[in-house]
Amino acid sequence: MKSFCEILSIKHPIIQAPMAGGLVDGGFVAQACECGFLGSIPSGYLSLTQTYNFIKSVQAKTTKPFALNIFVDYTYYGESKIAKPKDIVELERGFIENPSEYFVVEKAPLVSELIEVAVTLKVPCISTTFGLLSPEHIDALKRYKIKILTTINSVYELEVALNHQQADVVVFQNALAGGHKGGFSPLPHSENLEILDSLKSLGSEVPCVLAGGVVTKEDIKEALTQGFDGVQIGSGFLCTKESKANPSYKEALLKGKETHFSESITGKTARGLKNALSSREASLNLGFPFMYYATSSLRKLAKDHGDSNYQSLWCGAGVDRITKEQSLQEYAESLV
């Protein structure tokens, strides 16, 4: 039986989490790979051309394996113009005099298009968020020997991932993880030991990675001691100098320690630092991805003004163990 690191051809049992929204670039992902981790490209919110160029930029800087993360949604979202919720417009007035009363939902690439790009550019791994790959796309990835990393949040999803997704690796994202709840069902998060017990009862040899609450070397040791084969880390990487998180975001990570789940920013459950935007009682939740685009202008205005109250400050519950900004190399060395 191959180990987790052997399956993915990496040195250390660590995945750099895919963090969408412009928080990492090709150089960042490539450097994570060069540190011996599995770097991850977040394709969420990117056009097909942007995704293609992101992959090429990583390949130009490293020959080591990496993953392309995709939002698995077979619904077609064409470009459309929609009325913005009135409370969002009013919040924007705090920054500019005449905010637009409409927002534009950008055309999202089809899953089939992303799979085709992955095959064309010989991407080593695909990781999934939000959905289940179709049998046709699973067959295509297997045909081209592309590894499948399936994100789950519950025991039920574990069985589906093993039986119907042909997952090479399962990424269990627990309730402590930052960002979006990345599984494919509305069921609540399972506990770590529930997942490990279920793996044993199913007799599965598929490696299981823990995502959530992992920031330090000690956290990694604890996860491996519990029985996980590796870890996925996001928040710790956000406070590195190479991260594209803006200064007010990084400052908030170092100062603010209270995180919670919110649907107010993107319309979908996600964990981040508690602020005015995440705590607002939405008069109208348009759902995902519409709320993401509805709040986009407000979040950009807040970012430009250095105001962390109206940004999306995604991070996990382990943020209290982030004590300083350091280089990616320094952080990587502290983990291994």
Long-range HN-HN contacts of Ala67 with modeled amide H, under 5 Å: Gly39, Ser40, Ile41
Karplus-derived 3J(HN,Hα), 6.51/-1.76/1.60, for each residue of the range 317-325, Hz, glycine and proline x: 5, x, 4, 5, 9, 8, 10, 7, 8
Heavy-atom accessible area per residue - the chain, 1.4 Å, Å²: 44
Contour minus Cα-Cα distance for Glu106 and Arg280 (0.36 nm per residue): 60.2 nm
GNM flexibility winner over the chain from Ile195, Ile82, Ile233 (Cα, springs under 10 Å): Ile82
Among beta bridges that DSSP assigns inside the chain, antiparallel share in %, nearest 5: 30
Cleavage-rule hits, GluC sites (Glu not before Pro), the range 202-245, DSSP coil, Cβ neighbours within 10 Å at most 14: Glu205
Helix-only mean residue ellipticity at 222 nm for the chain, each DSSP H run of n ≥ 4 adding -39500 (n - 2.57), per residue, nearest 500: -10000 deg cm²/dmol
J(HN,Hα) series, the range 169-184, from Karplus relation 6.51 cos²θ - 1.76 cosθ + 1.60, nearest Hz, glycine and proline x: 9, 9, 9, 8, 9, 8, 5, 8, 5, x, x, 5, 5, x, x, 10
Residue among Thr269, Thr151, Thr75 with the largest mean-square fluctuation in a Gaussian network model of the chain, springs linking Cα atoms under 10 Å: Thr75
Inter-site label distance for Thr225 and Ser57 at 7 Å from Cα along Cβ, in nm: 4.0
Spin-label pair Ser9/Lys255, simplified geometry with 7 Å Cα→Cβ offset, distance in nm: 4.6
Global geometry of the range 96-180, whether rounded, prolate or oblate, following the gyration tensor of its Cα atoms and the 1.5 cut on a/c: oblate
Of Lys64/Lys250; Lys86/Lys250; Lys255/Lys303; Lys142/Lys268; Lys241/Lys268; Lys107/Lys250, pairs whose Cα-Cα distance is over 19 Å: Lys64/Lys250; Lys86/Lys250; Lys142/Lys268; Lys241/Lys268; Lys107/Lys250
Debye, to nearest 20: dipole size of the range 51-119, +1 on Lys, Arg Cβ, -1 on Asp, Glu Cβ: 380
Bridge type composition, the range 9-108 - antiparallel percent by DSSP, nearest 5: 45
Amide H partners (placed H, <5 Å) of Val171, local residues excluded: Thr150, Thr151, Ile152, Val209
In the range 78-143, GluC sites (Glu not before Pro) in a DSSP loop with at most 16 other beta-carbon atoms within 10 Å: Glu79, Glu97, Glu101, Glu106
In Hz, Karplus ³J(HN,Hα) per residue of the range 136-144 (6.51, -1.76, 1.60; θ = phi - 60°; x = Gly, Pro): 4, 6, 4, 4, 5, 5, 5, 4, 9
GNM result for the chain, Cα springs below 10 Å: residue of Ala211, Ala276, Ala118 fluctuating most strongly: Ala276
Inter-site label distance for Asp73 and Arg143 at 7 Å from Cα along Cβ, in nm: 2.7
The range 236-286: trypsin sites (Lys or Arg not before Pro) in DSSP loop, at most 12 other beta carbons within 10 Å: Lys241
Calculated FRET value between Glu116 and Lys81, using beta carbons and R₀ = 35 Å, to 0.05: 0.75
Net charge of neighbours whose Cβ lies under 13 Å from the Cβ of Ile70, counting Lys and Arg as +1 and Asp and Glu as -1: -3
Under 5 Å, built H, 5+ apart or other chain: amide partners of Gly234: Ala17
Estimated FRET transfer efficiency (Lys200, Arg321; beta-carbon r; R0 35 Å; 0.05): 0.75
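The values are calculated or read from the model by the stated rules, or taken from the named source; none is laboratory data. These numbers come from a predicted model, not from an experiment. Every residue, glycine among them, receives a Cβ derived from its backbone with ideal geometry; neighbour counts consider all protein chains shown. Only protein heavy atoms, including side chains, enter the accessible area calculation; ligands, DNA and RNA are left aside. Shrake-Rupley method; radii C 1.70, N 1.55, O 1.52, S 1.80 Å.
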